[in-house]
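The values are calculated or read from the model by the stated rules, or taken from the named source; none is laboratory data. If you're wondering where the values come from, they're calculated on a predicted model, not measured in any experiment. With ideal geometry, Cβ positions are generated from the backbone for all residues, glycine too; neighbour counts draw on all protein chains shown. These accessible areas exclude ligands, DNA and RNA; they are computed on the full protein's heavy atoms, side chains included. Shrake-Rupley method; radii C 1.70, N 1.55, O 1.52, S 1.80 Å.
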Amino acid sequence: MMIDSPAHAESTDDLLLVYAVNIHRTPMQSWGPGYGIYLGKGLFITAAHVAGHTWFTRPKVAIAGTEYPTKVIKAGDFETIDVTLLSVDESLLPSRLALRRNPLCAKPPWPGEPVITVVPEGTARSRIMSPQRLPLSVRKFDTVISDVAETGNSGSGVFDAEKKCLLGIMSRKISEYRTDRSTGKRELYDIAKYFVPASVIAQFIPAELR
């Protein structure tokens, strides 16, 4: 039986890039494009704060530089469920997305689990971080990864590194103030990233579309 080496496993990570898209507001947001993930059947998911107030921002899905108009299926909120579900007419989408389905993971993530974060520009590996390592005030964000600087930002996908199912959608950075021992100054440090887990996303998606 052949066992994948770590190098070979990471070389297959880029197969997930097909699901990664950009999300554009109308007009384009000043900070640049946001991120989203294709679920299949013309459905795309992103962070609610990336899409913004959809009645005003009229978000579009952008794939390889081409924008596609969307229908807002359901919009969440940054402070509650930071997820928005969009749809695009399947007949308009590139053929490479035809018949593709991106399954949500059935099992919850566990501390130490290897994951892959995915944006259109590339992939990056990280691991699930135990929420017990977070400051008490933010432990409600209990699905987090430990790498901050090298992984995708809001709306990017977090995938199970082994099964390649979708574990969640990136929502926010978690930071804390720490005192620099050499200078005595308090500085803000990014310590983790929270993602909306697949279990929440599954409940968010209307039953007829699951």
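Listed values, structure above:
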read-out	value
Virtual spin-label span in nm between R181 and S30, 7 Å along Cα→Cβ	4.1
Accessible surface of Y177 - all protein chains present, 1.4 Å probe, nearest 10 Å²	130
Cα-centre dipole for the chain with unit charges at Cβ (Lys and Arg positive, Asp and Glu negative), debye to 20	400
Cβ-placed point charges (K, R +1; D, E -1), dipole of the stretch 28-107 about Cα centre in debye, nearest 20	320
Percentage relative contact order, the stretch 1-101, counting C-alpha pairs under 8 Å, at least six apart	26
Cleavage-rule hits (trypsin sites (Lys or Arg not before Pro)) in the stretch 67-155: DSSP loop, at most 14 neighbouring Cβ within 10 angstrom	R100, R139, K140
Percent RCO, i.e. relative contact order, over the chain, from Cα pairs under 8 Å lying at least 6 residues apart	18
³J(HN,Hα), Karplus 6.51/-1.76/1.60, whole Hz, each residue of the stretch 80-88, x for Gly, Pro	10, 10, 7, 9, 10, 10, 10, 10, 10
Amide H within-cut-off set for S146, under 5 Å, with H built and near neighbours excluded	R127, M129
Pairwise label distance in nanometres, L99 with K163, each label 7 Å out on the Cα-Cβ vector	2.4
HN-Hα J in Hz across the stretch 139-153 - Karplus 6.51, -1.76, 1.60, θ = phi - 60°, x for Gly and Pro	6, 5, 7, 9, 10, 9, 10, 8, 8, 10, 5, 9, 9, x, 8
Options V144, Y177, A161, ranked by Cα towards positive dipole end of the stretch 131-210, top entry (Cβ charges)	Y177
Using θ = phi - 60° and Karplus 6.51 cos²θ - 1.76 cosθ + 1.60, couplings along the stretch 196-203 (whole Hz; Gly, Pro as x)	6, x, 4, 4, 6, 4, 4, 6
Mean Cα-pair separation over length for the stretch 161-210, i.e. relative contact order, pairs under 8 Å, 6 or more apart, %	37
Entry for Cα extents along the principal axes in Å (calculated from the structure that is shown) out of [x] 63, 34, 32; [y] 56, 33, 32; [z] 59, 54, 32	[z]
